[in-house]
Amino acid sequence: MKSSRIKQIAFLLFLVSIAGIQAEAKKIQGQIITASDTLNVLLNIPFKWTTGEPYYEKIQQKIVYFDASGKKIKMRPSEAREVRFTYGKETIRMLSVYNSLMMGSVFVSDPRIFLRLRIEGTLKLFTYYDTKSSGGMYNPGAGMMMGGYSYNREYNILQKKNEALMKPTWISFRKDMISYLSDCKELLPKLENRDLKSSDMAEIVRFYNSHCGSRQ
């Protein structure tokens, strides 16, 4: 009985670990902007069961839409400049950018990636979505592998104009930002004095764009 109970708990833990990554697709009106055209299409957007929010991680590598005949078409970031759709009252913009940080699956050969645009300007702020997983452990008492777990992470990604992407690190955030934003003298004291920290990324980007963006 004890062994059976342990196996049941292990199975429940396994279900919980994968629940956050399950998704269902919904058809949503949107736009795909290419180098030569703007297409009004019906997008096939995956949504998470647990949160009801778009599964942004899934659409960073490709977007799926339906053509006039109802056929599903896959479009990679190298084939588009931007994808737009509305979620709630917010317009979601996924911009195609050169993946200089090599984010995402190593099995995807496309050199570009769709990143969610949060703030537009000379200095852009994007969000990159990723899922981390912990490996399972063998339980000799139960005679089976105990399930691991997965958790979602969101990373701030910066880009000046169309330059290479930059991902600030938590451990050296102040040093990284002072170096990266050294062309904005008005901003440096706020970073040096820790008036603006990693949790103030949106404010940092807006300050840069309003005070120094027009000089670029």
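Readers should treat all values here as calculations from the given coordinates under stated rules, not as data from a laboratory. Small disclaimer: the values here were computed from a predicted structure and weren't measured. Counting neighbours? That spans all protein chains shown, and the Cβs are built from the backbone with ideal geometry, glycine included.
Return the distance in nm (one decimal) between the two label points of a simple spin-label model at A164 and D37, each offset 7 Å from Cα along Cα→Cβ.
About 3.6 nm separates the two model spin labels.
Points 7 angstrom from Cα along the Cβ direction at E82 and T122: gap in nanometres?
2.0 nm
What does the charge count near T91 come to, summing +1 for each Lys or Arg and -1 for each Asp or Glu among other residues with Cβ under 13 Å from its Cβ?
+2
What distance in nm separates the two pseudo spin-label positions at K132 and T91, each 7 Å out from Cα along the beta-carbon direction?
3.5 nm
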